[in-house]
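Working notes, beginning with the structure itself.
The values are calculated or read from the model by the stated rules, or taken from the named source; none is laboratory data. Here the structure is a predicted model, which means the values were calculated and not measured. Cβ coordinates were reconstructed from backbone atoms using ideal geometry, including for glycine residues, and neighbour counts include every protein chain displayed. Surface accessibility is based on the protein's heavy atoms, side chains included, excluding ligands, DNA and RNA. Shrake-Rupley method; radii C 1.70, N 1.55, O 1.52, S 1.80 Å.
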Amino acid sequence: MPPAATTENRTRDGHVLVWEQAGIDEEHPQKERRFGTRHYVVFMLFLGMANAYVMRTNMSVAIVAMVNQTAIEHEAEVFDDECPDTDYGEPENPADRKDGEFLWSTSLQGYILSSFFYGYVITQIPFGLLAKKYGAMRFLGWGMLINSLFAFLVPIAARQGGAPWLIVVRFIQGLGEGPIVPCTHAMLAKWIPPNERSRVGSIVYSGAQFGTVISMPLSGLLADNGFDGGWPSIFYVFGIIGTVWSIAFLLTCHEDPITHPTIQEDERKYIQQSLWGKAGVNIPPIPWNSLVRSMPFYAILLAHLGQNYGYETLMTELPTYMKQVLRFSIKANGTLSALPYLAMWIFSIGVGWVADWMLTSGRFTHTLTRKISNSIGQYGPAIALIIASYTGCNRALTVAILTIGVGFNGGIYAGFKINHLDLTPRYAGILMAFTNCSANLAGLLAPIAAGNIIEGKPTIAQWRIVFVIAAAVYIFTATFYNIFASGERQPWDNPDNDVIEKPASIEAPAYENGNSNIANGTNGTTTATYRTNNAAEQRQ
């Protein structure tokens, strides 16, 4: 007879055990392996996230080299005269300018740059739903392979078909990248024990900043010194890297520990014991009615919306402020432009480790840990934005504020960003698809709002309004999260209610544990429903 199911209080150590496979030793729980298969999966997901953001950002660097800046008509840029123009940088020597081969207007460049984004957004929710039904690993691997292969077509499309064909290729690349976030979330839910999710989530999603730090300077270097005219080499090099990663991911990674053929048995058992719910059981339909009434879900959604709005203000509008008002272009200095991303990458990993220590120490619940981490990640940038609006013409201080504010923003990865996995591991990919899609749309509001506020009058006072609005969004959404968020698994995702159906020819074992029972079906099937004694306790 299989061993009885046991439970542990999740609020004490973060592990909830409601089912064990036959043969798992209850009295001697398996120890965590220092480096196991799950760590390799995490490493590959980190590289995948980095590769995704490389593909997303490299066009913004390449298009500068692609366009003939001398031939196209430039709109006069409005500058504020409150700050002196010293230290604005050495004037560019026209003789040193290397003009591109395309005559694309500023508005057409905008369409080219945004085409990737539209493809990326519209596939978020569909792939989240498909990953729940068919598994996430293949959608993630094949999607990124499509993204990488179409990178090779970017130079061909631009040169042979012009802007329209380039827009189509970039749109398809965006479609291929759509699975990256929801499918990554779905895989983390299957591979990572609860007490490791903070640091693992931070590591994986910080790949976005790592990819940006790598992409920006390397793309600039390739644009100036690469082969085939410079800028095409950006897409060839990163296309090769992405293709290699996609093939390696598809060949070496698996959907979950159950289907992995070479994972050590002790690690498989460790992961299974740490996760609530029996692997291999068909996941029930999505509980839409319960989901739309879930305040913890809306807490994540609102936090995600506020994050994208505030982040877009920090990363796109503050540099513009520095150029128009402070008369200093941070983009002209590759080191300075990479500093905020580097700070966020390092800080997010540190917060993730601290958050997991808080959980394993037994002093903090999942709910409190998520709220503290998220408060750092959203109140910190809000304060930085407010301070930056009062720094006057001090360029060095503004750069420091930008770096510190974006660095603190890394706290979100151990906050709302990984919180989907706490609420509902089995539907985490779907929840992330909805929140990420909505948040990316909300992110578009930041440059629109800023543009309307400062149009024709980019003064310090007008820019202060832009920063204060973004800070208010950060503060409101973070406060809403602190009131309504939860780190506990929700009752509507209760594995105790799972039903396993077996053919009548298979003899179902008799379980005599607590509320476990066997219900005989009427159509030649035997339905076994496994429950535990402490389901009510585990929902709290």
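Determine the pairs where a residue that is open to solvent by less than 80 Å² (accessible area, probe 1.4 Å), located within the range 244-264, has a partner that is small (Gly, Ala, Ser) and assigned to a helix (DSSP H, G or I) with Cβ atoms under 7 Å apart, the partner being 6 or more residues away or on another chain.
Note: pairs meeting the criteria are Trp245/Gly48; Ser246/Gly141; Ser246/Ser148; Phe249/Gly48; Phe249/Gly141; Leu250/Gly141.
Just give me the residues in the range 298-310 being crowded, with 24+ Cβ neighbours inside 10 Å and either out of contact with any Pro (no Cβ under 7 Å at 6 or more places or on another chain) or aliphatic (A, V, I, L, M) (or both), in sequence order.
Ala299, Ile300, Leu302, Ala303, His304, Gly306, Gln307
Taking Ala157 and the conditions (1) within 16 Å of Asn58 (Cβ to Cβ); (2) at pLDDT below 90; (3) more than 17 Å from the chain's Cα centre (by Cα); (4) of a type outside the set (Val, Ile, Thr), which numbered condition does it fall short on, given that it satisfies the others?
Only one criterion in (1) within 16 Å of Asn58 (Cβ to Cβ); (2) at pLDDT below 90; (3) more than 17 Å from the chain's Cα centre (by Cα); (4) of a type outside the set (Val, Ile, Thr) is unmet by Ala157, namely (2).
For the range 210-228, does any single residue satisfy the condition of being in contact (Cβ under 8 Å) with a residue 40 or more places away in the chain and outside any helix (DSSP H, G or I)? Walk me through it before giving the result.
So the first thing to find is which residues in the range 210-228 are in contact (Cβ under 8 Å) with a residue 40 or more places away in the chain, and the list is 210-217, 219-220, 223-224, 228.
Within this subset, residues satisfying the condition of being outside any helix (DSSP H, G or I) are 228.
Yes, the conditions are met somewhere in the range 210-228.
Under 7 Å by Cβ, and 6 or more places apart or on different chains, what pairs join a residue from the range 453-464 that is touching a residue at least 40 places away in the same chain (Cβ under 8 Å) and on the phi > 0 side of the Ramachandran plot with one that is open to solvent by 40 Å² or more (accessible area, probe 1.4 Å) and among the hydrophobic types (A, V, I, L, M, F, W, C)?
Cβ pairs passing all conditions: Gly456/Val78.
Condition check ((1) modelled with pLDDT under 85; (2) more than 30 Å from Gly377 (Cβ to Cβ); (3) acidic (Asp, Glu)) across all residues:
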site: Leu444; (1), (2), (3): yes, no, no
site: Arg464; (1), (2), (3): no, no, no
site: Gln490; (1), (2), (3): no, no, no
site: Ile500; (1), (2), (3): yes, yes, no
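Identify all residues within the range 89-127 that are farther than 21 Å from Pro155 by Cβ, open to solvent by 90 Å² or more (accessible area, probe 1.4 Å) and at pLDDT 80 or above; write none if there are none.
Tyr118, Ile122
So for the range 363-373 (the condition being at pLDDT below 90, part of a helix (DSSP H, G or I), among the charged types (D, E, K, R) and within 24 Å of the chain's Cα centre (by Cα)), does at least one residue qualify?
Checked the range 363-373: no residue is at pLDDT below 90, part of a helix (DSSP H, G or I), among the charged types (D, E, K, R) and within 24 Å of the chain's Cα centre (by Cα).
Those residues that are closer than 20 Å to Val169 by Cα and at pLDDT below 85, I need them from the range 128-149; list them, please. If you could, list the steps in order and put the result at the bottom.
Taking the range 128-149 as the starting set, the residues that turn out to be closer than 20 Å to Val169 by Cα are 139-149.
Of everything in the range 128-149, nothing turns out to be closer than 20 Å to Val169 by Cα and at pLDDT below 85.
Is it the case that Ile383 is surrounded by fewer than 23 Cβ atoms within 10 Å (Cβ to Cβ), β-branched (Val, Ile, Thr) and without any contact (Cβ under 8 Å) to a residue 40 or more places away in the chain?
no
Check the range 384-396 and report whether any residue there is under 18 Å from the mean Cα position of the chain (by Cα), in a helix (DSSP H, G or I) and either among the small types (Gly, Ala, Ser) or modelled with pLDDT under 90 (or both).
no
Answer yes or no as to whether Arg170 is part of a helix (DSSP H, G or I) and under 30 Å from Pro495 (Cα atoms). Break it down into steps so the answer makes sense when it comes.
Details: part of a helix (DSSP H, G or I): yes; under 30 Å from Pro495 (Cα atoms): no.
Spelling it out, it is not the case that Arg170 is part of a helix (DSSP H, G or I) and under 30 Å from Pro495 (Cα atoms).
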